[in-house]
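The structure appears below as structure tokens.
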Amino acid sequence: MPASTAPAAAELVMRFRRQRPVRGGSLIVTIYGDSILPRGGAVTLGSLIALAEPFGLNERLVRTATARLAKDGWLTGHRAGKLSEYHLSTVGRERFAEATRRIYNEPQRDWSGRWTVVVLPPLPAAARKELREELVWRGFGELSNNVFAHPELDSTSLRNARRAAGPLSKAIVFDASLDDEAPQRLVSLGWDLEELGARYRRFVARFELVLDALQERHAFDHQASFIVRTLLIHEYRRLHLRDPLLPQRLLRDNWPGTQAAKLCRDIYARVFNGSEAHLSRVATQLHGPLPAPDPSVMQRFGGIKPLD
């Protein structure tokens, strides 16, 4: 009888459970963004509880975390009799769309050398803090107290976001050209790539063991496949969203983020079909099964080709 993915999944779950505190809300965000969003974006609360149980999240914790996500504007819930269903709010979908682009898209290779520069006008402390957090989340480096910069690759999405009411609407944005030596000085000033590189290397070391275990097996347990996929993206998401995604020519040779992305793609491909089968078996919407995955999911990591 061929072995399953269970040992690799169990090791990842043990590591997840050792975290203190266990952040159930963060894992639920990963499940929604990676698995539920491509399949309609809505799921019953009972299904979510069942999906989260193998990770050590009990019913009370899932209910509390889901209610908090709804209060914070990520989810919207409604009931039908005794059943309840949560789907992504408009704000949640917009936020996930930006995160999805950053997590799953291949890095851009071409770069003209231009930069997007943001200057903060005088603002109350709370508004400045909110705007700074938004810019850092989008990968901008803080060059000085009121000046942020990022290679121009982010300028289009930033300008689109500025049209809506929110913290970015207060920013002053313009493009800049720099002399040949300035980009490297900006990189060292705006980002700590040494610390980020070290975290990528730890991620690679951990998940190379998972890939080795998967390559030794020919049959993949569906639940274990879902666990591996979820915790892979959970850890990669938390790390990758700290990455400014600088153009390749601004990074040192053998940048570990490139290896981490390839490793994600390889593992994801091996567990994708099994994890989708688990979703189809366990999760439902109020009025029936989850719809089939949106075809765009197959374009993640530059195009995945499931192997199982």
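Throughout, read-outs are computed from the coordinates displayed, never taken from laboratory work. These numbers were taken from a predicted model, which means no experiment stands behind them. All Cβ positions, glycine included, derive from the backbone under ideal geometry; neighbour counts span all protein chains shown.
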Equivalent ellipsoid semi-axes, region 29-84, via Cα gyration tensor eigenvalues times 5, rooted, Å = 15, 15, 12
request  = May I ask you to give the average projected area over all directions of the convex hull of the Cα atoms of the chain, in nm² rounded to one decimal?
outcome  = 17.3 nm²
request  = Could you please rank Glu53, Glu195, Glu11, Glu235, placing first whichever residue has the fewest other Cβ atoms within 10 Å of its Cβ?
outcome  = Glu195, Glu53, Glu11, Glu235
Computed E for Met14/Val147 - FRET, C-beta separation, R0 30 angstrom, nearest 0.05 = 0.10
Phi to ³J(HN,Hα) by Karplus 6.51 cos²θ - 1.76 cosθ + 1.60 over region 49-59, Hz, x for Gly, Pro = 4, 5, 5, 7, 4, x, 8, x, 9, 7, 4
key: Reachable lysines from Lys129, criterion Cα separation under 20 angstrom, eight or more residues apart if same chain   = Lys170
request  = Could you order peptides 23-29, 204-210 by the average number of other Cβ atoms within 10 Å of their residues, highest first?
outcome  = 23-29, 204-210
ask   = Over what distance in Å are the Cα centres of region 18-94 and region 254-308 separated?
value = 19 Å
ask   = Taking other Cβ within 10 Å of each residue's Cβ, how do Leu135, Leu239 sort, fewest first?
value = Leu239, Leu135
key: Mean ellipticity per residue at 222 nm, deg cm²/dmol - from DSSP H runs of n ≥ 4 across the chain, formula -39500 (n - 2.57)   = -16500 deg cm²/dmol
